[in-house]
Amino acid sequence: MHRVPNQRRKPLRLATLALCALAGVASAQPTTQEPVEQGSTDWRKANEAVSQFKRGHADVLKWEQANDTASKDAPAVAPDFWLKTADAAVRQAWRARPELGSSLSQLGAANQEHIAQGRWLEVDPAVRRHVDEFDAILDTAVDARKAWWGAVAAQASLKSQRDMQEASGAAAELARRMARVGNWSRMEQAQSQSRLGGVKLQTLKAEAEAKQAHIALLKALRLQGTASSVGLPDGLPDVSAPMITADAIQKGLKALRPVLPRAEGMRVQATAKQAFDIYEASYAAARLSQEEQTLRQFVYDETVLRYNGMLLSVWDLLAETGAQLQANVSAINAKRDLLIAEADLQLVLQGGAPASFVGVGSGATAEK
């Protein structure tokens, strides 16, 4: 599938800062002693403010660097524990289970690497014949990888959601000032405030989901009571490997069949079909989400150009900012679902049984 780099572009900043600049110049609100005409004059000055950024985007970013006191005033808090990859999460989960030490030794260093890195199809299913607790090793690995993916995705989604709230907050403030000087009606201001309320509600939900995902990761790694925070990367890894084919599935089932009882083999055959169907759908959904993300980035870039050329309003820029950030969230969740679906498929081809399968396009799970 197409590669999408993890480096996040910042569509929010231009829209938010343009709004803040526009609202900021209008900060000289009319007092009870000031006539209404003075407020209108302030608003006209505010309207002219954006045009003062002669180089558009570059000047706004320069303004941000000089005025972004929020980031300067918020010191970074070092996490108790760093987990930069899903592989590291798997190894931590194994270390936290000393009862698996002997079985891991029987598995061998090479197979440990294959499983830790999520390359389970490279492990010969016949290995399970001479490795005690083979299923426990696999289950621990898949639980750790899923928990790590979930925590990273939730953290990245929360970042985009907070960006949306910041932009919506700036828009609501500008709407309030426009209404105060008579450029907007109270109804239009109320609509802007209502939209901000909806975004805040989604942010609260995203915060709760991120906290729960973090707790689930600590639990999967048995770090509860030992660590209260885990450092994670800004985004999920790129998914660049070719799609697992139906032929590869049949080859895996053929290799697995001799090492399982007949009844167990029949169960795996049926489960593998379901796992592959969900994997195919997740792959298609992730690809479509990435294509949408690319398209929204293009539309956003074009919107910025037209905004800088004064062909579009700050409201157009804000609307496109929100659409771009929402596309980012959708792409994050689709990539997470694909990674989980692939792990479940590989687990089945090693004789395992996922507790549930991911719900394609919903970010939820579907019972088997």
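When each of the peptides 201-214, 157-170 is scored by how many other beta carbons lie within 10 Å of its residues on average, the order from highest to lowest is 157-170, 201-214. Between the beta carbons of residue 195 and residue 215, assuming R0 = 41 Å, the FRET efficiency works out to 0.85 to the nearest 0.05. Here r is the Cβ-Cβ distance between residue 269 and residue 316 and R0 is 41 Å; the resulting FRET efficiency, rounded to 0.05, is 0.15. Near residue 153, once Lys and Arg are set to +1 and Asp and Glu to -1 for all other residues with Cβ below 13 Å from its Cβ, the sum equals +2. Compute, for residue 306, the solvent-accessible surface of its heavy atoms (probe 1.4 Å) with the complete set of protein chains present, and express it in square angstrom to the nearest 10. Its accessible surface works out to 100 Å², give or take rounding. For residue 306 and residue 247, the FRET efficiency from 1/(1 + (r/R0)^6), where r spans their Cβ atoms and R0 equals 51 Å, is about 0.55. Taking the protein heavy atoms of the range 102-248 in the context of the full set of protein chains, the accessible area attributed to carbon and sulfur is 51 percent at 1.4 Å.
Accessible area per residue for the range 82-159 is 42 Å², calculated with a 1.4 Å probe on protein heavy atoms, without ligands, DNA or RNA. Residue 222 contributes about 120 Å² of solvent-accessible surface, heavy atoms of the protein only, 1.4 Å probe.
Past 20 Å, Cα to Cα: identify those pairs from 159/200; 84/159; 159/219; 84/211; 146/211, in the order given.
The pairs that break the limit, which is 20 Å between Cα atoms, are 159/219.
In terms of packing, defined here as the mean over residues of other Cβ atoms within 10 angstrom, the peptides 332-344, 308-320, 138-150, 172-184 line up highest first as 332-344, 138-150, 172-184, 308-320.
Taking a ≥ b ≥ c as the square roots of the eigenvalues of the Cα gyration tensor, the range 221-298 is oblate, since a/c reaches 1.5 or more and a/b is not larger than b/c.
The values are calculated or read from the model by the stated rules, or taken from the named source; none is laboratory data. Remember, it's a predicted structure, so these values are computed and weren't measured experimentally. All Cβ positions, glycine included, derive from the backbone under ideal geometry; neighbour counts span all protein chains shown. Surface accessibility is based on the protein's heavy atoms, side chains included, excluding ligands, DNA and RNA. Shrake-Rupley method; radii C 1.70, N 1.55, O 1.52, S 1.80 Å.
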